2 protein chains.
Amino acid sequence: MSIENISQAKVFGGWHKQYTHTSTTLKCDMRFAIFLPPNASKSKPVPVLYWLSGLTCTDENFMQKAGAFRRAAELGLAIVAPDTSPRGENVADDESYDLGQGAGFYLNATQKPWSNHYQMYDYITQELPTIIEDNFPVSEIKSISGHSMGGHGALTIGLKNPQQYRSISAFSPISNPMQCPWGQKAFSAYLGGDFETWRQYDTCELLKKSSETLPMLVDQGDADSFLVEQLKPEALAAVAKEKGAPLELRMQPGYDHSYYFISSFIEQHLDFHASFLLD
Amino acid sequence: MSIENISQAKVFGGWHKQYTHTSTTLKCDMRFAIFLPPNASKSKPVPVLYWLSGLTCTDENFMQKAGAFRRAAELGLAIVAPDTSPRGENVADDESYDLGQGAGFYLNATQKPWSNHYQMYDYITQELPTIIEDNFPVSEIKSISGHSMGGHGALTIGLKNPQQYRSISAFSPISNPMQCPWGQKAFSAYLGGDFETWRQYDTCELLKKSSETLPMLVDQGDADSFLVEQLKPEALAAVAKEKGAPLELRMQPGYDHSYYFISSFIEQHLDFHASFLLD
């Protein structure tokens, strides 16, 4: 699997680079970005934090706006940011912002016209890590984080793959997609009408059935305009409490859903992941 | 002069806010952004760093990408980011990116069709500070910084107004616009063919004639694709050396012209300005 470098910029002594490649999982060309800290080398591979972005985003939003590189460079963490869906003229799409391209929801679609390309769960958990570990000075040690739809992605992927990741964090995640409009619309389209198939992509449902759970850090702004209708952190908190799961949910007073919020706390998330990645 | 708040987001305990207002200087509606640190209050007004952006930018580029708020919040500095030119359907424009809207060059135009609106020098040095000081919990103590065209703006404005500002910094400034394509194109259009009028907006020419000079910090990436043809920091270094002016020019190996470069060193610029603003 070959990858093509399309940009690079030095930042905090490390490198931000963008690549394109043809994804066999998604059957289209994809772009991703990687931050490599100054200390990354083949003889000293670094662990990786995967970042999953929210609705409408690409690989660029986090890398340009989160302000993560200062601390990631200090800690010696690589960060990988994939796109949020398959892309291209031949890939099914919808005119709304919350379905189709830019809204892959990090699941494997089973319904037409989506199932041919929308296999983001397999892409994030299998194809992309293989590409990253084959092409960059990184180890197989990894954690996962994300925002909004990407917070949902990080939590569901981390809960389903506790052997593959060491820790999970999220900003403003869609915590209970089966019970909110964004999730119901996407799951209906991608997965069809059988609610049983929805449960495998719902953080609250996964947590109910889990036995061993990775450590989780979640930050949620209480001035987030999507909080009540779409995000439902109280549902996540209730299940975690019932299960005794290692969730730290922090309500952050006055913060909204934007990258200004993410930038304010991303260094604490990096420190949280580093405590599991660098031990 | 009334201003209208159009967005606000909490960030690092402070606030990022955008405003629109009708500029009497520019004869059009303008937008600016301000960062207010957590400690800003009417009883304890904070000093202000004015940030001037480069070609094609608005008030948003620096605020979203520079990663400046963590340190500005710690130091207790406000940051104001204006737009880079007058704007609007009735404002003269050019189809190229380096002339007209988004390319005001922080000067007062004397030539038609530009002179009616393109009075960015007066806007930045007079109207905008008055608005800021009338409407926000800030003091009259201020410094100025910028990038590329905005680095040119910061240096020329700071050199011409040593009583108004305390310190100047720049990333990748257009240091000698009379001697580079960007500057020659803009000065010809905005100021006409008399080179004498150009000198008042050329950092090297101003520095040659200056007696007392504010402290200046300039960072320049040596992998910047505009370095040789457009930016000419060596001309600035030569004049500063000849004059014994307090310029620290740092060539940063491997860095380019992007906000990844700016973000890597912005905290050092904030510390530099704070040493003069907070004494």
Requested in this report: Return yes when A:V11 is more than 25 Å from A:S169 (Cβ to Cβ), over 19 Å from the mean Cα position of the chain (by Cα), modelled with pLDDT of 95 or more and open to solvent by less than 40 Å² (accessible area, probe 1.4 Å) and no when it is not.
Outcome: no
Requested in this report: Name every residue in segment B:41-80 that is more than 14 Å from every other protein chain (Cβ to nearest Cβ) and part of a strand (DSSP E or B), in order of residue number.
Outcome: B:S41, B:K44, B:V46, B:P47, B:V48, B:L49, B:Y50, B:W51, B:L52, B:A78, B:V80
Requested in this report: Considering each residue of segment A:207-239, count those that are within 19 Å of A:Y165 (Cβ to Cβ) and either more than 20 Å from the chain's Cα centre (by Cα) or not aliphatic (A, V, I, L, M) (or both), and give that number.
Outcome: 7
Requested in this report: Could you tell me which residue of segment B:161-190 is nearest to B:H269 (Cα to Cα), considering only residues that are open to solvent by 10 Å² or more (accessible area, probe 1.4 Å) and of a type in the set (A, V, I, L, M)?
Outcome: B:M178
Report task. Name the residue, out of B:S275, B:S210, B:S225, that is open to solvent by 40 Å² or more (accessible area, probe 1.4 Å), more than 14 Å from chain A (Cβ to nearest Cβ) and of a type in the set (S, T, Y). Result -> B:S275
Query raised in the report: What is the one condition in (1) within 22 Å of A:I157 (Cβ to Cβ); (2) within 14 Å of chain B (Cβ to nearest Cβ) that A:F105 does not satisfy?
Result: (2)
**Report entry** Boolean, B:W15 is within 14 Å of chain A (Cβ to nearest Cβ), among the aromatic types (F, W, Y) and either part of a strand (DSSP E or B) or touching a Pro at 6+ places or on another chain (Cβ under 6 Å) (or both)
**Finding:** yes
**Report entry** Candidate set from segment A:18-40 (those that are open to solvent by 40 Å² or more (accessible area, probe 1.4 Å) and under 21 Å from A:A68 (Cβ atoms)); member that is nearest to the other protein chains (Cβ to nearest Cβ)
**Finding:** A:P38
Report task. Report yes if B:S139 is part of a strand (DSSP E or B), under 17 Å from the mean Cα position of the chain (by Cα) and of a type in the set (G, A, S), otherwise no. Result -> no
**Report entry** Filter result for A:D94 (touching a strand residue (DSSP E or B) at 6+ places or on another chain (Cβ under 7 Å), on the phi < 0 side of the Ramachandran plot and part of a loop (DSSP other than H, G, I, E, B))
**Finding:** yes
**Report entry** Where A:F265 falls short, out of the listed (1) among the hydrophobic types (A, V, I, L, M, F, W, C); (2) within 11 Å of another protein chain (Cβ to nearest Cβ); (3) closer than 14 Å to A:R71 by Cα; (4) open to solvent by less than 10 Å² (accessible area, probe 1.4 Å)
**Finding:** (4)
Query raised in the report: Out of curiosity, is A:Q111 open to solvent by 10 Å² or more (accessible area, probe 1.4 Å) and not in a helix (DSSP H, G or I)?
Result: yes
Query - Some residue of segment A:252-261 being within 13 Å of another protein chain (Cβ to nearest Cβ), buried (at least 18 other Cβ atoms within 10 Å of the Cβ), among the charged types (D, E, K, R) and over 30 Å from A:N39 (Cα atoms) - result: yes
Query - Residue satisfying condition, being assigned to a strand (DSSP E or B) and open to solvent by 10 Å² or more (accessible area, probe 1.4 Å), within set B:E89, B:E4 - result: B:E4
Requested in this report: Report, by residue number, each residue of segment B:48-70 that is touching a helix residue (DSSP H, G or I) at 6+ places or on another chain (Cβ under 6 Å) and open to solvent by 10 Å² or more (accessible area, probe 1.4 Å).
Outcome: B:L55, B:Q64, B:K65, B:G67
Requested in this report: For A:L128, state whether it is open to solvent by less than 10 Å² (accessible area, probe 1.4 Å), within 26 Å of A:T203 (Cα to Cα) and in a helix (DSSP H, G or I).
Outcome: yes
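The values are calculated or read from the model by the stated rules, or taken from the named source; none is laboratory data. Only a predicted model underlies this, so the values are computations on that prediction, with no experimental measurement involved. Cβ atoms come from the backbone with ideal geometry, glycine included; neighbour counts cover every protein chain shown. The area values use the complete protein model at the heavy-atom level, side chains included, leaving out ligands, DNA and RNA. Shrake-Rupley method; radii C 1.70, N 1.55, O 1.52, S 1.80 Å.
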